[in-house]
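The values are calculated or read from the model by the stated rules, or taken from the named source; none is laboratory data. Please read all numbers here as calculations on a predicted model, not as lab measurements. No Cβ is skipped: glycine too gets one built from the backbone with ideal geometry, and neighbour counts run over all protein chains shown.
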Amino acid sequence: MKVDRFLDFLVTILCWAWFILGFFLFFSWLYLGVALFAKNKEASFQRLNSRFYRVFFYLLRVTALRHKWEIDQEVAAIRSAVIVCNHLSYLDPLLLIALFARHRTIVKTRFFSMPVFGWIIRKSGYFPASGEGRFTKMMLAQMQTMESFFQDGGNLFVFPEGARSRDGRVGDLHKGALKIARLCKAPIYVLQLAQTDKLFPPGRFLFQSRLKNSITLKIIDRIEPDYQEDTPSTAMLEQRLRDAFSVRVP
Amino acid sequence: MNRDVLQKKILTILTEDFEFEQPGLNDNLRDDHGFDSIDAIELLGKIELILGFSLTWEEKEKAMGIRTINDILDYIEVIAASRKP
């Protein structure tokens, strides 16, 4: 038991070391270079984010060997879509960033004020969760380029339940992403993520690296409305999403 | 276009496209009908169709502060008047 906790501690420290030292030693200069010289800064920032978290998950995979990762190949192949996923752990958004080189997501507004992280998410073209006050310009700018972002193969991924679910039940769904899908006539993929909370439980500091576990990510529904003929209302899309989440595949 | 015609058009858009139920002219769009900034951007596209021209960045930015249906009507009237030759 004590050995397990010690190993959990080592894995956790290794991951944090990557977050801090890995960023400053290897990635900070790449971000700086991209900020100064890249033609498409936003796409370049997104790719860097994706690479950074790919290394993070590589480290997790090789240190937490008892956790098996089963990521449906069809998920990584999704392009030009709104992706909605259930939310169990802090690892979830990082996993989707790692999977999709070209991505945007919706981030709580308070994160935009954080020193380094705030700069990165602004440059990455992420959406503020609210378009109120000082975020009005940012919201307008992001929405203005949303259609071309989808045309370039980008994915907007969101966790419509907002907070991490502690009991597995479907919470209140945020409709922002569905509205964006409707506005940009984009298909919606519903993903089911399972067991990331076993590896990194909510409210815990340490990864549970020694637990035998299987983390899965799969597509559970594709919503591809005929936007030309019959655009569904946001309420209809929400109901479809709620149905998909309610039938979570075991 | 007079205000009554405009009001009818906006109410039709809000009930049909944004699923408002019994909208009042002074209802708080956000609190009473869950109308958020993404809805506002969608509505701006429809206002452009009504007006027959594209809104400038500044005009769009101004629209994000709108709170009621009466504000929407005022906003459209001011812009329509400012663009008159």
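Limited to region B:54-72, what total is found for residues that are over 12 Å from A:GLY131 (Cβ atoms) and small (Gly, Ala, Ser)?
Within region B:54-72, residues that are over 12 Å from A:GLY131 (Cβ atoms) and small (Gly, Ala, Ser) number 1.
Please give the number of the condition A:ALA64 fails out of (1) among the small types (Gly, Ala, Ser); (2) within 29 Å of A:ASP4 (Cα to Cα); (3) under 13 Å from the mean Cα position of the chain (by Cα).
(3)
When the residues of region A:189-230 are filtered to those that are over 30 Å from A:LEU14 (Cα atoms) and hydrophobic (A, V, I, L, M, F, W, C), which remaining residue is farthest from the chain's Cα centre (by Cα)? Explain how you work it out, then say what you get.
Initial filter on region A:189-230 (over 30 Å from A:LEU14 (Cα atoms)): A:189-190, A:219-230.
In the following step, the residues that additionally are hydrophobic (A, V, I, L, M, F, W, C) were identified as A:190, A:219-220, A:223.
On the way: A:VAL190: 13, A:ILE219: 15, A:ILE220: 17, A:ILE223: 19 Å.
In this case the residue turns out to be A:ILE223.
Name every residue in region B:24-36 that is touching a Phe, Trp or Tyr at 6+ places or on another chain (Cβ under 8 Å) and touching a residue at least 24 places away in the same chain (Cβ under 8 Å), in order of residue number.
B:LEU29
Looking only at region B:1-38, how many residues end up being under 10 Å from the mean Cα position of the chain (by Cα) and either away from chain A (no Cβ under 14 Å) or surrounded by 19 or more Cβ atoms within 10 Å (Cβ to Cβ) (or both)? Working first, answer last.
Start the filter on region B:1-38 by keeping residues that are under 10 Å from the mean Cα position of the chain (by Cα), which leaves B:6-7, B:9-11, B:13-14.
After this cut, where a residue has to be either away from chain A (no Cβ under 14 Å) or surrounded by 19 or more Cβ atoms within 10 Å (Cβ to Cβ) (or both) as well, the list is B:6-7, B:9-11, B:14.
The total comes to 6.
Yes/no matrix, rows are residues, columns are (1) in contact with a strand residue (DSSP E or B) (Cβ under 8 Å, 6 or more places away or on another chain); (2) within 14 Å of another protein chain (Cβ to nearest Cβ); (3) crowded, with 16+ Cβ neighbours inside 10 Å:
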position: A:ALA194; (1), (2), (3): yes, no, yes
position: A:LEU199; (1), (2), (3): yes, no, yes
position: A:GLY203; (1), (2), (3): no, no, no
position: A:GLU238; (1), (2), (3): no, yes, yes
position: A:VAL247; (1), (2), (3): yes, no, no
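Examine region B:71-80 for a residue that is in contact with a Ser or Thr (Cβ under 7 Å, 6 or more places away or on another chain) and either away from every other protein chain (no Cβ under 13 Å) or modelled with pLDDT under 95 (or both), and state whether such a residue exists. Reasoning before the result, please.
From region B:71-80, those in contact with a Ser or Thr (Cβ under 7 Å, 6 or more places away or on another chain) are none; that's our starting set.
Taking every residue of region B:71-80 in turn, none turns out to be in contact with a Ser or Thr (Cβ under 7 Å, 6 or more places away or on another chain) and either away from every other protein chain (no Cβ under 13 Å) or modelled with pLDDT under 95 (or both).
Just to be sure before I move on: is A:LYS39 part of a loop (DSSP other than H, G, I, E, B) and charged (D, E, K, R) in the structure I sent?
On the way: part of a loop (DSSP other than H, G, I, E, B): yes; charged (D, E, K, R): yes.
Judged against the criteria, A:LYS39 is a match.
Among the residues of region A:35-79, which ones are over 16 Å from A:THR105 (Cβ atoms) and charged (D, E, K, R)? First the steps, then the outcome.
Pass one, region A:35-79, residues over 16 Å from A:THR105 (Cβ atoms): A:35-41, A:44, A:51, A:54-74, A:76-77.
Scanning region A:35-79 gives A:LYS39, A:LYS41, A:ARG51, A:ARG54, A:ARG61, A:ARG66, A:LYS68, A:GLU70, A:ASP72, A:GLU74.
I'm told B:GLY65 meets every condition in (1) under 25 Å from A:ILE106 (Cβ atoms); (2) surrounded by 16 or more Cβ atoms within 10 Å (Cβ to Cβ) except one. Can you identify the failing condition by its number?
(2)
Could you look through region A:97-149, keep only residues that are in a strand (DSSP E or B) and within 14 Å of chain B (Cβ to nearest Cβ), and pick out the one that is farthest from A:ASN49 (Cα to Cα)?
Initial filter on region A:97-149 (in a strand (DSSP E or B)): A:103-107, A:127-128.
Now narrow it down to the ones that are within 14 Å of chain B (Cβ to nearest Cβ): A:104, A:106, A:127-128.
Values: A:ARG104: 11, A:ILE106: 15, A:PHE127: 15, A:PRO128: 17 Å.
Among those that are in a strand (DSSP E or B) and within 14 Å of chain B (Cβ to nearest Cβ), it is A:PRO128.
Identify, by number, the condition in (1) in contact with a Leu (Cβ under 6 Å, 6 or more places away or on another chain); (2) among the aliphatic types (A, V, I, L, M); (3) in contact (Cβ under 8 Å) with a residue 24 or more places away in the chain that A:LEU10 doesn't meet.
In the conditions (1) in contact with a Leu (Cβ under 6 Å, 6 or more places away or on another chain); (2) among the aliphatic types (A, V, I, L, M); (3) in contact (Cβ under 8 Å) with a residue 24 or more places away in the chain, A:LEU10 misses (1) alone.
Identify the single condition in (1) out of contact with any strand residue (DSSP E or B) (no Cβ under 9 Å at 6 or more places or on another chain); (2) at pLDDT below 95 that A:TYR58 does not satisfy, given that it satisfies every other one.
All conditions are met except number (2).
Consider A:VAL75 carefully, then state whether it is of a type outside the set (S, T, N, Q), out of contact with any strand residue (DSSP E or B) (no Cβ under 8 Å at 6 or more places or on another chain) and part of a helix (DSSP H, G or I). Even if it seems obvious, please write down each step before you answer.
On the way: of a type outside the set (S, T, N, Q): yes; out of contact with any strand residue (DSSP E or B) (no Cβ under 8 Å at 6 or more places or on another chain): no; part of a helix (DSSP H, G or I): yes.
It is false that A:VAL75 is of a type outside the set (S, T, N, Q), out of contact with any strand residue (DSSP E or B) (no Cβ under 8 Å at 6 or more places or on another chain) and part of a helix (DSSP H, G or I).
Out of (1) within 13 Å of chain A (Cβ to nearest Cβ); (2) under 13 Å from the mean Cα position of the chain (by Cα), the odd one out for B:GLU58 is which?
Among (1) within 13 Å of chain A (Cβ to nearest Cβ); (2) under 13 Å from the mean Cα position of the chain (by Cα), the lone unmet condition for B:GLU58 is (2).
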